[in-house]
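No lab work stands behind these numbers, since they all come straight from the coordinates. These numbers were taken from a predicted model, which means no experiment stands behind them. No Cβ is skipped: glycine too gets one built from the backbone with ideal geometry, and neighbour counts run over all protein chains shown.
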Amino acid sequence: MSSGKRALVAAAVALTTLSGTALARDQIRIVGSSTVYPFSTVVAENFGKRSQFKTPIIEATGSGGGFKLFCAGLGPSHPDITNSSRRIKRSEIDACARNGVTDIVEVKIGYDGIVLANSKASAPLSVTREQLFLALARDVPVKGTWVANPYKMWSDIDSALPAKPIEVLGPPPTSGTRDAFVELVMDVACEKLPETHALKAAGRDVKAACQALREDGAYIEAGENDNLIVQKLGANPDAFGIFGYSFLEENGDKVQGARIDGQIPTFENIASGTYPVSRPLQFYVKKAHVGTIPGIEAFLKEFTSEKAWGPDGYLSDKGLVPMPDAERACWAASVTGLTKLDISSF
């Protein structure tokens with residue numbers, strides 16, 4: 001039997017199990033992004049209070065970790081929804097398909113900014129994306145040659161920056177926040193360097209050069225718990241942390257966001273696109289689980305209601321930057337119709 005047929009047989013067995021009332025879960029299970037986690041949690045809490053369904057179980061595994069769990073198969077032993085601070089990748093779509101997860105509903109919920117923050121006990125920072133690249137890249141160009149990052153102090157990069165050690169707490173490789181930071185900061189800055197064009201001309205792996213972060217202690221992987229990063233910034237005023245805007249919003253009495261390319265991470269700047277390090281947030285739903293795991297359609301309706309994701313909704317109070325009216329209406333219609341993800345664009 002081919003691998004494709006085996007996947008279909010496994011999916012059929014899983015669906016049969018899923019529809020068996022004795023074995024099916026009576027509670028929605030959600031995994032994925034730590035950035036989307038606080039938004040998903042507050043929706044789940046409101047949903048549990050206002051409906052006849054149980055409050056969903058939510059686990060912050062990181063976007064990449066969430067897709068691994070989500071794509072592992074169908075049935076009550078696998079999650080129904082995965083949150084993500086980046087779009088699903090083609091490789092993840094293929095992994096889902098191999099395990100019978102073929103009907104996926106994509107739900108965009110709004111926008112978020114990625115911030116570089118430090119304790120309010122220290123002076124605020126203003127940096128460019130190029131300076132961030134030089135601070136955090138594993139290899140950097142020095143006098144025309146790519147070398148292991150020699151910069152120990154921020155002031156080594158530019159005398160206008162603080163004479164303090166480079167110490168940045170950030171997300172691990174499984175995190176969508178890290179993926180977005182690499183794409184929006186490291187890649188953008190690296191592409192502008194003349195030495196990068198030389199790498200291209202020489203046929204070298206530019207992606208590897210641009211995206212690899214330091215492993216010498218200047219960049220510290222702090223796990224998927226962004227609240228823990230905030231706590232560590234309080235304990236070390238010289239350190240900086242990378243996390244989503246919502247955590248800056250929630251902890252504005254303790255930490256402050258750096259200017260990046262001259263722009264402050266504010267709700268208005270992210271909404272307008274002025275702040276350069278911003279990205280959409282979304283989650284993904286297994287259509288096969290709708291109607292078998294109780295409450296999924298009602299949960300989706302709560303999440304995409306104006307009282308939740310609208311301009312005056314309770315999610316904006318938590319730091320979610322709402323989509324424009326027309327965009328929200330488009331996504332709400334897609335959710336109501338449980339529109340299958342179009343994979344032709346991937």
If every Lys and Arg gets +1 and every Asp and Glu gets -1 at its Cβ, then about the Cα centre the chain yields a dipole, in debye to the nearest 20, of 880
Per-residue ³J(HN,Hα) for segment 65-78, Karplus 6.51 cos²θ - 1.76 cosθ + 1.60, θ = phi - 60°, Hz, x for Gly and Pro
x, x, 5, 4, 5, 4, 8, 6, x, 9, x, x, 7, 10
Do any trypsin sites (Lys or Arg not before Pro) in segment 142-214 lie in a DSSP loop with no more than 15 other beta carbon atoms within 10 Å, and if so, which?
K143, K152, K192, R204
How far apart, in nm, are two points set 7 Å out from the Cα along the Cα-to-Cβ line at A123 and at A329?
5.0
Given 10 °C and 1.306 mPa s, compute D for the chain with the Stokes-Einstein relation, Rh being the Kirkwood radius over Cα pairs; round to the nearest whole µm²/s.
74
How high is the FRET efficiency from A212 to K287, r the C-beta distance, R0 51 Å, rounded to 0.05?
0.85
So the FRET efficiency between E195 and D317, C-beta based with R0 = 45 Å and rounded to 0.05, is 0.50
About the Cα centre, and with charges only on the beta carbon of Lys, Arg (+1) and Asp, Glu (-1), how big is the dipole of segment 117-249? Nearest 20 debye, please.
260
Cα-based Rg of segment 244-346 normalised by 2.2 N^0.38 Å, two decimals:
1.27
Cβ-defined net charge surrounding I57, 14 Å radius [Lys, Arg +1; Asp, Glu -1]
-1
Any lysines with Cα under 28 Å of the K286 Cα? List them, leaving off those in the same chain fewer than 8 positions away.
K5, K49, K54, K68, K89, K108, K301, K307, K318, K340
In Å, what Kirkwood hydrodynamic radius results for segment 113-278 from the alpha-carbon pair distances?
16.1
Helix-only estimate, please: 222 nm mean residue ellipticity of the chain, summing -39500 (n - 2.57) across DSSP H runs of length 4 or more and dividing by its residues, to the nearest 500.
-10000 deg cm²/dmol
From the phi of every residue in segment 186-198, what ³J(HN,Hα) in whole Hz does the Karplus formula 6.51 cos²θ - 1.76 cosθ + 1.60 yield, where θ is phi - 60° and glycine or proline is x?
5, 5, 4, 5, 4, 4, 7, 6, x, 5, 5, 5, 5
Three principal axis lengths of segment 144-215 [C-alpha, angstrom, descending]:
37, 32, 19
One quarter of the C-alpha convex hull surface, i.e. the mean projected area of segment 180-299 in nm², amounts to 12.1
Summing Lys, Arg as +1 and Asp, Glu as -1, what charge do residues with Cβ under 15 Å from the Cβ of P324 carry, P324 excluded?
-3
Where labels lie 7 Å past Cα in the beta-carbon direction, separation of D94 and S159 in nm:
5.2
Give the calculated FRET efficiency between I343 and K254 to the nearest 0.05, with a Förster radius of 56 Å applied to their Cβ-Cβ distance.
0.85
What spacing in nm lies between the two simple spin-label points modelled at K307 and K143, each 7 Å away from Cα in the Cβ direction?
6.7
Add +1 for every Lys or Arg and -1 for every Asp or Glu among the other residues with Cβ under 13 Å from the Cβ of I229, and state the total.
-2
For segment 218-226, Karplus-derived ³J(HN,Hα) couplings (6.51, -1.76, 1.60; θ = phi - 60°; whole Hz; x for glycine and proline) come out as 6, 10, 10, 6, 9, x, 8, 8, 5
Taking the alpha-carbon centre of each part, the distance from segment 24-49 to segment 127-180 in Å is 35
Across segment 113-278, how many lysine pairs, 8 or more positions apart or on different chains, have C-alpha atoms separated by under 21 Å? Please give the number.
14
